[in-house]
Every structure is written in C-alpha cells, then in structure tokens.
Amino acid sequence: MKIKVNGKLFEVTVEQVNAQGVLFSINDKSYFVEKNIELPNSYNKRSITPKKISYKNQTQAKDNNILSPISGQLMEILVKVGEKISVGDPIFVIEAMKMQNKICSTVNAQIESINFTMGEEVKAGEVLLTLKAN
C-alpha cells in the first residue's frame, strides 16, 4: 500500500504480525515495531501471512558476527552478554538522520560479546555483536 506522510509518498508492505509486534517495510527498508498497547476485547484480530519475509536493512549474521545495517549513533543496547536472541528480537536502537531505528536480529543465537557502548557512532557493516559458535 502507499501512504503519504508530510506530503511525501511511501510504499509500505506489512511482512509479519506476531505477539511481539509488526515487521513492515517502507521503500524496501524493513522495520520492526514492538506492540506497546493492549487491544480492546472487541477488536477483530486478523492474521496476516506474508508470502515472503524479507529482512533487508536489518542485521546480517556473518561468521558468528552480527553486522550493523546502517550508520548512526548507538542510542540503546537492548540485550546482554550471554542472552539468547531469536529472529525478530530487538537488539539495538541506532539513530540515523534524526530517526531512531530499532535493529532486530535475523538469527537465533547466544550473545558472546557486545562490541560497542551506548553513544558510540557505528558504521554500516561494522560488527555489533559476536555470537557463540555452535
């Protein structure tokens, strides 16, 4: 579907809806929005089943590392060393161009180390996390 925000047209595709939130893409960039409101009992819940789930511009896992999909300032670290993460789990918030982007995992793994601290600048492709080898 197309939406207009402040006079600018965006192509939006809902890719996945689950109990944690909604995965959608805007102009070929994927975002995960956490559910933070309770729906009234009278709400008619619909299940949306995507034909294809794409995690473009989300984290990439390579050689037991998770890479940053974008450049910006690391605003929040939402995980801890030793924690197990799953696909879709939010792991970082990176601010880029005055927008806060929640960065979600594309792998199921356990975190071995976090390579940045809050407030640091990260570049696209830099190693954010190291994962424990299986």
Here are some residues: Y43, Y55. Which one is of a type in the set (F, W, Y), within 23 Å of K132 (Cβ to Cβ) and either at pLDDT 75 or above or outside any strand (DSSP E or B) (or both)? Y55
Between Q16, Q73, which is in a strand (DSSP E or B) and at pLDDT below 75? Q16
Across the stretch 58-70, the tally of residues that are closer than 17 Å to Q100 by Cα and either outside any loop (DSSP other than H, G, I, E, B) or at pLDDT 55 or above (or both) stands at 4
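Could you please give the count of residues in the stretch 92-113 that are assigned to a strand (DSSP E or B) and in contact with a strand residue (DSSP E or B) (Cβ under 6 Å, 6 or more places away or on another chain)? Spell out how you get there, then give the answer.
Kept after step one, since they are assigned to a strand (DSSP E or B), are these residues of the stretch 92-113: 92-96, 99-104, 109-113.
Now narrow it down to the ones that are in contact with a strand residue (DSSP E or B) (Cβ under 6 Å, 6 or more places away or on another chain): 92-96, 100-104, 109-113.
Within the stretch 92-113, residues that are assigned to a strand (DSSP E or B) and in contact with a strand residue (DSSP E or B) (Cβ under 6 Å, 6 or more places away or on another chain) number 15.
The values are calculated or read from the model by the stated rules, or taken from the named source; none is laboratory data. Just so it is clear, the structure is predicted and the values come from calculations on it, not from any experiment. With ideal geometry, Cβ positions are generated from the backbone for all residues, glycine too; neighbour counts draw on all protein chains shown.
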